[in-house]
Amino acid sequence: MRKVWGHWRTIRKHRRLVRALCFRCGYYRQGLFHDLSKYAPIEFWSGVRYFEEGRSPHFNARIQNGYSAAWLHHKGRNRHHWEYWTELEAGECIPIRMPIRYVVEMWCDRIAATKVYKGDAYRQESALRYFQDHYDDVMMHPQTKALIELLLKDSAVYGEAHCIALIRNEVKSKGYALLEEV
């Protein structure tokens with residue numbers, strides 16, 4: 001029962017943080033509907049089974065099984081994950097540029113997930129460090145990768161409030177054209 005409540009609290013805390021960030025960025029729909037698939041039985045019960053405080057259950061499932069069925073379900077239903085935006089073309093996996101609203105939600109998700117899993121060890125630059133440590137060889141569209149990295153660097157250097165102002169004042173209106181100005 002401890003794992004059920006622990007996983008439930010983790011989901012609720014993560015969704016609450018993402019919702020607050022999305023609302024501050026002006027993306028209310030993204031905030032309201034973020035990660036609802038985590039309540040689907042395949043994701044929820046896998047999360048309970050592999051629950052460990054301070055660590056994603058997907059990692060534990062991968063260690064034990066070599067894959068995470070919950071992650072495969074999750075990334076295929078949540079557009080804020082870059083993996084959702086890949087397409088098979090002539091036998092080759094091609095990354096597709098993500099719409100801006102999902103890039104912003106991805107930033108909110110990364111900040112919130114890092115806060116949840118790092119707890120008191122979270123620092124302003126933690127989400128950027130995670131990105132830099134894990135995203136070198138991903139099949140993310142180059143412009144999507146450049147924009148999420150710009151947002152993570154901005155929040156690492158100047159803080160969340162500054163990055164949210166950047167999103168509201170520049171990213172929402174200029175989109176990927178902002179990358180040409182930087």
task: Quick one: count up the residues across segment 63-120 that are in a helix (DSSP H, G or I), of a type outside the set (S, T, N, Q) and either open to solvent by less than 60 Å² (accessible area, probe 1.4 Å) or touching a helix residue (DSSP H, G or I) at 6+ places or on another chain (Cβ under 7 Å) (or both).
output: 28
message: Take residue 23 and tell me if it is surrounded by fewer than 19 Cβ atoms within 10 Å (Cβ to Cβ) and over 12 Å from residue 108 (Cβ atoms).
response: no
task: Give the residue that is surrounded by the fewest Cβ atoms within 10 Å (Cβ to Cβ), with candidates limited to residues of segment 137-153 that are at pLDDT 95 or above and touching a strand residue (DSSP E or B) at 6+ places or on another chain (Cβ under 7 Å).
output: 141
query: Quick check, is residue 125 modelled with pLDDT under 95, charged (D, E, K, R) and either surrounded by 12 or more Cβ atoms within 10 Å (Cβ to Cβ) or under 26 Å from residue 94 (Cα atoms) (or both)?
result: no
message: Tell me whether segment 65-77 contains one or more residues that are touching a Ser or Thr at 6+ places or on another chain (Cβ under 8 Å), of a type in the set (D, E, K, R), over 20 Å from residue 15 (Cβ atoms) and at pLDDT 95 or above.
response: no
field: Filter result (outside any helix (DSSP H, G or I) and touching an Asp or Glu at 6+ places or on another chain (Cβ under 7 Å)) within segment 26-62
entry: 27, 34
field: Residue tally, condition closer than 16 Å to residue 110 by Cβ and surrounded by 20 or more Cβ atoms within 10 Å (Cβ to Cβ), over segment 39-58
entry: 1
Answer from 88, 128 - the residue that is under 16 Å from the mean Cα position of the chain (by Cα) and on the phi < 0 side of the Ramachandran plot: 128
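The values are calculated or read from the model by the stated rules, or taken from the named source; none is laboratory data. Everything numeric in this text was worked out from a predicted model, so none of it was measured. We place every Cβ from the backbone using ideal geometry, glycine too, and count neighbours over all the protein chains shown. These area figures cover heavy atoms from the full protein model, side chains too; ligands, DNA and RNA do not enter into them. Shrake-Rupley method; radii C 1.70, N 1.55, O 1.52, S 1.80 Å.
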